[in-house]
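Have a look at the structure below, then the notes.
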Amino acid sequence: MVLEAPCELKQEGRSMTETFQILQYRNSDNLHLRLTGTFDEEATLALMEALNENSPSVQKIFVHTAALEQILDSAAELFRRSLNSLDLRATEIIFTGKKGEHFSLKAPGTRFMK
């Protein structure tokens, strides 16, 4: 699957900008999104799109943050504000890696684990 993002380069299973990528893979009823590079406002939009498109078809989405080099505070805040707009009734979002703390919030259906 190709994740849509504001970018020039696309390959199956990944979205890329010059500084950000989302690599995705599925196993069973779970989706894994591995974030790499710099998380900025465009990356926020790409991640929100990936969550929105996939949440109806999986039980859990693991967002792996260990490979992120940098997270812009404004992008993390935009993500936290935007997350409430998603319909996540049947999907749990789990942020992993030390940088997952920047994304986690006390919203229903989300949690953080190192």
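The values are calculated or read from the model by the stated rules, or taken from the named source; none is laboratory data. None of the values given here were measured: they were computed from a predicted structure. Here Cβ is always computed from backbone atoms with ideal geometry, including for glycine, and neighbour counts include all displayed protein chains.
List of remarks:
- Checking Arg89, Arg26 one by one, the residue that is at pLDDT below 90 and of a type in the set (D, E, K, R) is Arg89 and no other.
- Residue list for the range 73-100, restricted to those being over 20 Å from Leu23 (Cβ atoms) and part of a loop (DSSP other than H, G, I, E, B): Asn84, Ser85, Leu86, Asp87, Leu88, Arg89, Ala90
- Checking each residue in the range 57-92 for being in contact with a Phe, Trp or Tyr (Cβ under 8 Å, 6 or more places away or on another chain) and charged (D, E, K, R) picks out only Arg80.
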